[in-house]
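Structure incoming, see below.
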């Protein structure tokens, strides 16, 4: 598996403080999304935080009044504790209210975070569906998708942190006002204790993000190595080929490199963080000594001592937390940028989409001098392909591996655009049709079809998911593909869970999975049917029966078949033979046998293998 060279710590230094602040511009858009998710929960959370922000200074003030009242009552001959007990009851009520508010904030944040998590996950899934296959198969783009997808939890934490910052800002403002009212000089010590630590945290959070971003593909490889090293689907080959040490060594080497880079960064961050926090502690005790001196000098009361020391201590912790959260917010905002960058990817809308698709194909497809090279490759896979696929015709693609058969299908399905040349449907360039409507035109089963770990009913209905509730249609499709034979052996029939991911799931054989996948193609009466090596895992008898049914069902339908089995291929109306990305020959089975070219050679070789 080729890898680009990972970015080092020195490379990470290129990211600077400015980029951290620039990323904060995404915060307002982020909260607009949260607001749309659930306005009532958002407002409730904001209200609770407002109350929670005011409570600390109120509680400290009540504490001051209690101590001053105690001292006053000690000095009086006729003590009256009514005011004192009133203060105590008020303080008790405020403490209870503070706990209630704190729990309400946690509850609303959790619920709001869950709803936002669901919304963004759906957004990413839908956006991925809109993006061209050519982008999804690009490694660099996939890294961007991976960052957008993997930071969901971080975005939820960002929401809590930003709301918490607003709450802290109000608390800090009230506490600062209290300090300024009594001892404004304490603000200078406060600034000295906090600012250096804040700058240090910002700098290292930026470098942490740079390291994580530069290692996106490597971390994806680590996840892949974990998967193949401990998975039931790979266990047989891992054991048989003795690959455990190879996988372990590769995993350890790659993870050790990342560990060392992260370790270096963490040690520096912790060391400098300790020094700056030490400065904060010195500043706090300098302020504490100053307050004690003012009490001993008779300038302030014992109650005011309690209020000032408590306010300064709480304010310093609040500021430390505020700046610490700010660094986490700026770091998370960088990841937020990855999310919005992905969501904002422009979808190619230059194609004319107003041309309606023909209800039924009248003439067919025509490829005119189509050439194609995959993105970031200079090698042409298709080199001037030209042919016609008539309406209602069954055309088979034949050629050795790498000849361009599946690539040709991808172009017909508009997963990619030709590098040059054009593909026409009834004389109109296929790029002029709405891509979603155009792709609905096709019923396709690929050789590398996906095995959904759903029920067998859902697996078949994937071919036309709108018919999920139509059991008659699902059973009919299963019968045509011979999947009904698979269903008859399952305890729960069409409701049987497939795959080993779930406790009651069952794994099917390759041939059984292929019958289930084939049933998907029969779930809708598509204008064009494409089968790309659809029966490679079936035995000869099952394959013959499947294709016999396919030929009958698609009578008058436009169809494309890719297969290495010539017993299947010869049933097509015509056969297109590809070699090195070019059309070598095209014709009926009989015509191609008479040509004595590649098709005749391959057919003869395969026939001899069965003798």
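Derivation of every value follows stated rules applied to the coordinates shown; laboratory data play no part. Just so you know, these numbers come straight off a predicted model, no measurement behind them. Glycine gets a Cβ as well: all are built from the backbone with ideal geometry, and neighbour counts include every protein chain shown.
So how do 497-508, 113-124, 160-171 stack up, highest first, on mean other-Cβ count within 10 Å? Working shown, then result.
On the way: 497-508: 14.0, 113-124: 15.8, 160-171: 18.8.
Ranking, from highest mean packing down: 160-171, 113-124, 497-508.
Please report the relative contact order for region 450-525, taking Cα pairs under 8 Å with a sequence separation of at least 6, and give it as a percent rounded to a whole number.
Numbers: 111 pairs, mean separation 33.2, N = 76.
After rounding, I find 44 percent.
Oh, and also: Given 5 Å bins starting at zero, what is the percent of C-alpha pairs of region 404-515 in each, up to the one with the largest pair distance?
2, 10, 18, 18, 14, 11, 11, 8, 5, 2, 0
Taking the convex hull of the alpha carbon atoms in region 354-467, what volume per residue do you get, in Å³?
Expressed per residue, the convex hull around the Cα atoms of region 354-467 is 147 Å³.
Cβ neighbours within 10 Å, averaged per peptide: list 518-530, 450-462 in order, most packed at the top.
Working: 518-530: 22.0, 450-462: 19.2.
Final packing ranking: 518-530, 450-462.
Can you quote the Å³ per residue value for the convex hull of the Cα atoms in region 450-525, rounded to an integer?
Once divided by residue count, the hull of region 450-525 is 79 Å³.
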